[in-house]
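**Q** Below is a structure I'd like to ask you about.
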Amino acid sequence: MIEHLDLSAVVAEQPDPLPFATVSGAHLYGFPSRDSDVDLRGAHLLPLDALIGLREAEETRGRTWLRDGVEVDLVTHDLRKFVRLMLRRNGYVLEQLLSPLVVRTSDLHAELTALAPGVLTTRHAHHYRGFACTQWRLFEKNGELKSLLYTFRALLTGIHLMRSGEVVAHLPTLCGTVGEAPAYLGELITAKAEAEHGPAAGTDRERLRADVEALHRALDDARAASPLPETATGAYDALHDLVVRARPGQRLQG
């Protein structure tokens, strides 16, 4: 499990400095299994010549390997690409940025976190709807608890975001803050702890479908009544300045 891994050593081994690295996936969502892998996400800073030369810049890096018997999946984006993803109503990268499971932080990380509210819009509802639909289709094929919990997690995160302007990815927390959350989710989370790809045994498919459809309607209603703007207008210049300032010295504090 994650408690037995020295993730700071993993970060220190990377070829370029990382302004931040956090844990995402099932550990962030609050339903890891005993055999879950560790999803490590973050941003790296390429040297300036990597961006202005003729060679293709390695803007995204991904690697999966076993460490101390646990599968580690590491994905990082160059800071410029990461910020561009933030500006494209990508809830996934915002969850990574704002994850409380912090492995590496810096002043740049703090600045990015402070600017994150400025990119939140009602259009993020589309991100969570799309992710939920993809996971539901997967659940209909494989019948796994993992896909089912990912479906509910995405919908509840979207609803909570539309109502509060806050990105919360932790399903047990969402069960206590979103009134429409089905009462049986706690039992499903407990069952998921036994196996990463365990089946959703004993579940009523028709009830599940009805509850998922109800949450889609709740997401629609929350989006229509949301205090969030439809488009982000205030964060672009500040994020541009941050990316420009970050590059020359590549000095990280903290």
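**Q** Tell me the relative contact order for the stretch 1-147 as a rounded percent, counting alpha carbon contacts under 8 Å between residues six or more apart.
**A** So the answer I get is 25 percent.
**Q** Still on this structure: For the stretch 90-145, compute the orientation-averaged projected area of the C-alpha convex hull (one quarter of its surface), in nm².
**A** Working: hull surface 20.2 nm².
Answer in nm², one decimal: 5.1.
**Q** So if I place +1 on the C-beta of Lys and Arg and -1 on the C-beta of Asp and Glu, and nothing else carries charge, what would the dipole magnitude of the chain be about its Cα centre? I want it in debye, nearest 20.
**A** The calculated dipole for the chain is roughly 600 debye.
**Q** Which cross-chain or sequence-distant (5 or more) residues have an amide H under 5 Å from the amide H of residue 44, H modelled 1.01 Å from N in plane?
**A** Placed amide hydrogens put 77, 78, 79 under 5 Å from residue 44.
**Q** Taking the chain as a Gaussian network, Cα atoms linked when under 10 Å apart, which of 150, 236, 29 shows the biggest mean-square fluctuation?
**A** 236
**Q** While we're here: Residue 192: which lysines have alpha carbons under 21 Å from its alpha carbon, excluding same-chain residues fewer than 8 sequence positions away?
**A** Qualifying lysines at Cα under 21 Å: 141, 146.
**Q** Assuming 0.692 mPa s and 37 °C, estimate D for the chain with Stokes-Einstein, Rh taken as the Kirkwood radius over Cα pairs, in µm²/s.
**A** Once the numbers are plugged in, D ends up at 171 µm²/s.
**Q** Measure out, as a whole number of angstrom, how far apart the alpha-carbon centroids of the stretch 143-158 and the stretch 1-78 sit.
**A** Between the Cα centre of the stretch 143-158 and that of the stretch 1-78, the gap is 23 Å.
**Q** Suppose we keep just the alpha-carbon trace of the stretch 52-99; what are its Rg and Dmax in angstrom?
**A** According to the Cα coordinates of the stretch 52-99, Rg and Dmax are 13.6, 40 Å.
**Q** Sticking with this one: Please state the shape class of the stretch 57-154: rounded when a/c is under 1.5, otherwise prolate if a/b exceeds b/c and oblate if not, all from the C-alpha gyration tensor.
**A** oblate
**Q** Pairs of alpha-carbon atoms within less than 8 angstrom and 6+ residues apart define the contacts here; what relative contact order does the chain have, in percent?
**A** Answer for the chain is 24 percent.
**Q** Could you work out which residue, out of 102, 23, 178, moves most in a Gaussian network model of the chain, that is, has the largest mean-square fluctuation with Cα springs under 10 Å?
**A** Taking springs between Cα atoms under 10 Å, the residue moving most is 178.
**Q** Given only helices, namely DSSP H runs of n ≥ 4 each adding -39500 (n - 2.57), what is the per-residue ellipticity at 222 nm of the chain, to the nearest 500 deg cm²/dmol?
**A** -15000 deg cm²/dmol
**Q** Something else: Taking 1 over the mean of 1/r across every pair of different Cα atoms in the stretch 103-228, what Kirkwood radius in Å do you get? Before the final figure, lay out the partial values.
**A** Numbers: mean 1/r = 0.0649 Å⁻¹.
It is 15.4 Å.
**Q** Let me ask another. When the chain is treated as a GNM, springs tying every alpha-carbon pair under 10 Å, which of 62, 53, 42 comes out with the largest mean-square fluctuation?
**A** Top of the fluctuation ranking is 53.
Read the figures in this text as sums done on the coordinates, not as results from a lab. These numbers were taken from a predicted model, which means no experiment stands behind them. Virtual Cβ from ideal backbone geometry, glycine too; neighbours counted across all protein chains shown.
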